[in-house]
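To start, the structure under review is shown below, and the notes come after it.
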Amino acid sequence: MNDYYAELGVSRDASAEEIKRAYRKAARKLHPDVNPGPEAEEQFKKVSQAYDVLSDVDKRRQYDMGADPYADAAAGFGPGFSFSASDLFDAFFGGAGAARATRGPRPRMMRGQDALVPLDIDLSQAVFGGNADLVIDTAVGCPTCHGDGCAPGTTPRTCDVCKGAGEIQQVQRSFLGQVMTTRPCLTCQGFGTVIPDPCRECSGDGRIRHRRTLTIKVPAGVDTGTRIQLTGEGEVGHGNGPAGDLYVEITVRSHPMFQRRGDDLHATLEVPMTAAALGAAIPLDTLDGAREVDVRVGAQSGDTVTLRGLGVTHLRQNTRGDLTVHLLVQTPTRLTPEQEALLRQLAELRGEEKPNGKVASPAEAGLFGKLRDAFKVR
């Protein structure tokens, strides 16, 4: 009697996992595609026969009791030996073939796909949050057939080709013996059932397209690129299966006055030359309403005034960023004779009738950076 344990190189009390691991190792080494030649082919047949016996609980029990299922077989394979292609997949890919062979019919009801839709909002909505209406076209369950895809009064019937298995098997003879292959049934597309009379409204899909308006809550603090997940608001699956999720991607429209940097807002305020020289409280329309910007005496272009807590709300928090106001001093370009006379009088009083320009030191050159930033946020 053949010593199948010796063929696989395992002990007689080896576990099923140890037997599978030993066969996998031997098959990788001796398979004709890897090791061509008559000797390797013959040895591959022997280890395959040993695995067929020792991996089957009943055959292994008979063998341990002294009965060899293939004692009378010629060339190492008995007439009852059947070697499935899934065994080869199992040997080389760690059980993937076995999982494929036992797949069975696939269900008609499946989870729907997730959907991604864009939503444009104003800056004020990003700052304070709020509700937004979103019109979406999505798949919903068919109201006529309620998802089964059949015309009213009819039901699916078992496939005549695969007998409800969803797959068919074919047996072919090769040097390995009888090799069994499994593939999805082409008649029922792997479902195991066919729909003889499809629903006319959904054409047997179990769902239809529908436009609906969805009101969503936009949390305060969102920014361009933020995605809001709405569980179960995506497309209904085939066969009226569970709906997927809806992802709403936010785009914040640009604002004519304010620019966002993180959770802070920036604005540029044009200040008359006299107000900059004398100081003033200048009103500014913010997203929170009118506020006063205190311009200090002798303010220069590029100076900033910070209004605390008037920026964007921190996402999932109650605090807010700041509003930074960049000052831009306006120099008058058209003067009346009276205005020009007053300015010349002021220049005389300040000793600036004949001004002498000087090159600013690196420390003073920061003014140009301030001006650049001021124009950048306009």
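The values are calculated or read from the model by the stated rules, or taken from the named source; none is laboratory data. Keep in mind that this is a model prediction, so the values were computed, not measured. Counting neighbours? That spans all protein chains shown, and the Cβs are built from the backbone with ideal geometry, glycine included.
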For residues that are more than 11 Å from VAL127 (Cβ to Cβ), aliphatic (A, V, I, L, M) and crowded, with 19+ Cβ neighbours inside 10 Å, tally how many sit in segment 254-268. 1
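Yes/no matrix, rows are residues, columns are (1) surrounded by 14 or more Cβ atoms within 10 Å (Cβ to Cβ); (2) farther than 30 Å from ASN318 by Cα; (3) touching a helix residue (DSSP H, G or I) at 6+ places or on another chain (Cβ under 7 Å); (4) hydroxyl-bearing (Ser, Thr, Tyr):
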residue: THR154; (1), (2), (3), (4): yes, yes, no, yes
residue: GLY166; (1), (2), (3), (4): yes, yes, no, no
residue: GLN170; (1), (2), (3), (4): no, yes, no, no
residue: GLY192; (1), (2), (3), (4): yes, yes, no, no
residue: PRO198; (1), (2), (3), (4): yes, yes, no, no
residue: ARG211; (1), (2), (3), (4): no, yes, no, no
residue: THR226; (1), (2), (3), (4): yes, no, no, yes
residue: GLY232; (1), (2), (3), (4): no, no, no, no
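Listed here are the residues, each with its yes/no results for (1) under 27 Å from ALA115 (Cβ atoms); (2) hydroxyl-bearing (Ser, Thr, Tyr); (3) part of a loop (DSSP other than H, G, I, E, B); (4) modelled with pLDDT of 90 or more.
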position	(1), (2), (3), (4)
ILE136	yes, no, no, yes
CYS145	yes, no, yes, yes
PRO152	no, no, yes, yes
ASP160	no, no, yes, yes
GLN169	no, no, no, no
ARG173	no, no, no, no
Select from segment 124-133 the residues that are surrounded by fewer than 19 Cβ atoms within 10 Å (Cβ to Cβ) and not acidic (Asp, Glu) and list them in ascending order. SER124, PHE128, GLY129, GLY130, ASN131, ALA132
Any residue at all in segment 320-336 that's at pLDDT 95 or above and in a loop (DSSP other than H, G, I, E, B)? yes
From THR251, THR187, which residue is surrounded by fewer than 16 Cβ atoms within 10 Å (Cβ to Cβ) and either under 15 Å from ARG108 (Cα atoms) or touching a His at 6+ places or on another chain (Cβ under 7 Å) (or both)? THR187
Assess whether LYS45 counts as being within 20 Å of MET180 (Cα to Cα) and free of Cβ contacts under 8 Å to residues at least 40 places away in the same chain. no
The conditions are (1) modelled with pLDDT of 95 or more; (2) among the charged types (D, E, K, R); (3) in a strand (DSSP E or B), and ARG211 fails exactly one of them. Which is it? (1)
